[in-house]
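Enquirer: After the structure tokens below, expect a handful of questions from me.
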Amino acid sequence: MNIDSELFRLDFEDFLWVIFIGLAILNIYGDYDEKKYIHSHNEYYRIESNSIFTLTLTITFFIYLYFLIRNYRLYRQVPNCQKQAYLIRLYGSAFLVTGVCFLLYFQKLR
């Protein structure tokens, strides 16, 4: 395993966690807009909150897709005695990607 590439990967994943924090803040703002819509029935707030939720789900999809690809590559490289543990990680990543796809689909129906 190349130390430089492993350090780069870890730095990149730290950056992804910072993006997750930003997405959480955006979702809080989207919830705030949703509350404004419930009180005022102003369509602007509903449209803005739906746009925020769609944006955060789309970015989340790509982040989880990265983790799915990373876990697949790791699964292919590990020795047979560790394959079972890495297969569980791979399945978990696949379920997350699938879940975000469903959330995006239902968000667009809304």
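The numbers here are math on the coordinates, done by the rules we state, and not lab data. Please read all numbers here as calculations on a predicted model, not as lab measurements. Backbone-built Cβ (ideal geometry, glycine too); neighbour counts: all protein chains shown.
Enquirer: Hey, what D do you get for the chain in µm²/s if you plug the Kirkwood alpha-carbon radius into Stokes-Einstein at 37 °C and 0.692 mPa s?
Expert: 205 µm²/s
Enquirer: Evaluate the relative contact order of the chain (contact order divided by residue number), counting alpha-carbon pairs under 8 angstrom at least 6 apart; express in whole percent.
Expert: 23 percent
Enquirer: Which ³J(HN,Hα) values in Hz, rounded to whole numbers, follow from the phi angles of the range 85-91 under the Karplus curve 6.51 cos²θ - 1.76 cosθ + 1.60, where θ = phi - 60° and Gly and Pro get x?
Expert: Ordered by residue, 3J(HN,Hα) equals 5, 6, 5, 5, 4, 5, 4 Hz.
Enquirer: Local charge sum around Asp11 (other residues, Cβ-Cβ under 15 Å, Lys/Arg +1, Asp/Glu -1)?
Expert: Local charge sum for Asp11: -2.
Enquirer: Can you give the angle from 0 to 90° between the axis of helix 43-77 and the longest principal axis of the chain, with both taken from C-alpha atoms, to the nearest 10?
Expert: Tilt of helix 43-77: around 10 degrees.
Enquirer: Which whole-Hz ³J(HN,Hα) couplings does the range 16-29 yield from phi under the Karplus relation 6.51 cos²θ - 1.76 cosθ + 1.60, θ = phi - 60°, glycine and proline marked x?
Expert: Each residue's phi maps through the Karplus curve to give 4, 5, 5, 4, 4, 4, x, 5, 5, 5, 4, 5, 5, 5 Hz.
Enquirer: Right, here's the next one. Sorted by mean Cβ packing within 10 Å, highest first, what order do the peptides 46-54, 78-86 take?
Expert: Highest to lowest by the protection proxy: 46-54, 78-86.
Enquirer: So, one more: Place a label point 7 angstrom from the Cα of Gln77 along the Cα-to-Cβ direction, then list the residues of the range 1-23 whose backbone nitrogen is under 13 Å away.
Expert: 1-10, by backbone N distance to the label point.
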